[in-house]
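As structure tokens, the structure follows; a few thoughts come after it.
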Ligand SMILES: [Zn+2]
């Protein structure tokens, strides 16, 4: 028995698939295509596995993204829920989150006394979030899943209709309160209705702070007959009407108590 001789390379002619030596097909130029058909990307946004999560959209992974906080409110009589969605969103997902929470708040926010105040504040704060979202550039780096569907703008959803009623109420209140205030000032500033001699009056105030009104002499409300003051002044037993109740605002009319 003799040991077989060690295999020498010469026993295995170099085939086309040999691992040794130069190119398998020396007559062919190296392949012109690079290893990956995809151009190298900065990959700033996508972080599929343990990458830096702050840079990509936390929903879809697309970039660029920005930190956005969208708020929501639910109010039912005395029960209130304050909702908050905070995260790094791409433009598309941020818009979707904003529209969803804004529409939900429009529907669910109003139905309590405090909530009716908190809801418009929440909606206004979300407009700030919306402006942040609108400053995010369109996604350049694709994510690992499609972004959220932004859907229709809030005011084109059914929820948009419901805002018109409270907003109209708020608008009317904002306009009506100052108007009523001014009307009240004007009315309160006006001189009282003057008393005429021969008519009857009643005093709804005190004598130091008179509130004299003309009433029908036949009615049970009548307390005094208004008389012209004589030269010597009102007769004993008569009361004196403030001069602001006379036609010329200078004469002190006499108020003669009516016999009952
Ligand atoms: Zn996204």
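What follows is calculated from the coordinates using simple rules that are stated; it is not laboratory data. Fair warning: this is a prediction, and the values are worked out from it, not measured in the lab. Heads up, the Cβs are rebuilt from the backbone with ideal geometry, glycines too, and the neighbour counts pull from every protein chain shown.
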Work out the FRET efficiency for residue 156 and residue 244 from their Cβ-Cβ distance, taking R0 = 51 Å, and round it to the nearest 0.05.
0.30
The Cα radius of gyration of the stretch 74-221, divided by 2.2 N^0.38 Å with N its residue count, comes to 1.90
Can you divide the C-alpha Rg of the stretch 157-260 by 2.2 N^0.38 Å and report the result to two decimal places?
1.75
With R₀ set to 30 angstrom, the calculated FRET efficiency between the beta-carbons of residue 228 and residue 183, to the nearest 0.05, is 0.30
According to the square roots a ≥ b ≥ c of the eigenvalues of the Cα gyration tensor, what is the shape class of the stretch 200-257, taking rounded for a/c under 1.5, prolate for a/b larger than b/c otherwise, and oblate for the remainder?
prolate
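If we count other beta carbons within 10 Å of each Cβ, what is the order of 90, 60, fewest first?
The fewest-first ordering by Cβ neighbours comes to 60, 90.
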Geometric extent, Cα atoms of the stretch 102-184 - Rg, Dmax (angstrom)
17.7, 65
Would you list 248, 104 from fewest to most Cβ contacts within 10 Å?
248, 104
Between residue 252 and residue 170, what is 0.36 nm times their sequence separation minus the Cα-Cα distance? Round to one decimal in nm.
24.7 nm
What FRET efficiency comes out for residue 78 versus residue 211 if R0 is 51 angstrom and r is the Cβ-Cβ distance? Round to the nearest 0.05.
0.75
Sort 171-177, 74-80, 210-216 by the packing proxy (mean of other Cβ within 10 Å over each peptide's residues), most packed first.
210-216, 74-80, 171-177
Relative contact order of the stretch 200-257: what whole-number percent is it, with Cα pairs under 8 angstrom and at least 6 residues apart?
30 percent
Hey, fewest Cβ within 10 Å first, where do 251, 164 land in order?
164, 251
So between residue 131 and residue 85, what do we pick up on full extension, going 0.36 nm a residue minus the alpha carbon distance?
15.0 nm
In percent, how large is the relative contact order of the stretch 65-164, given Cα pairs closer than 8 Å and 6 or more residues apart?
35 percent
To the nearest Å, what is the center-to-center distance of the stretch 104-160 and the stretch 167-239, using C-alpha atoms only?
55 Å
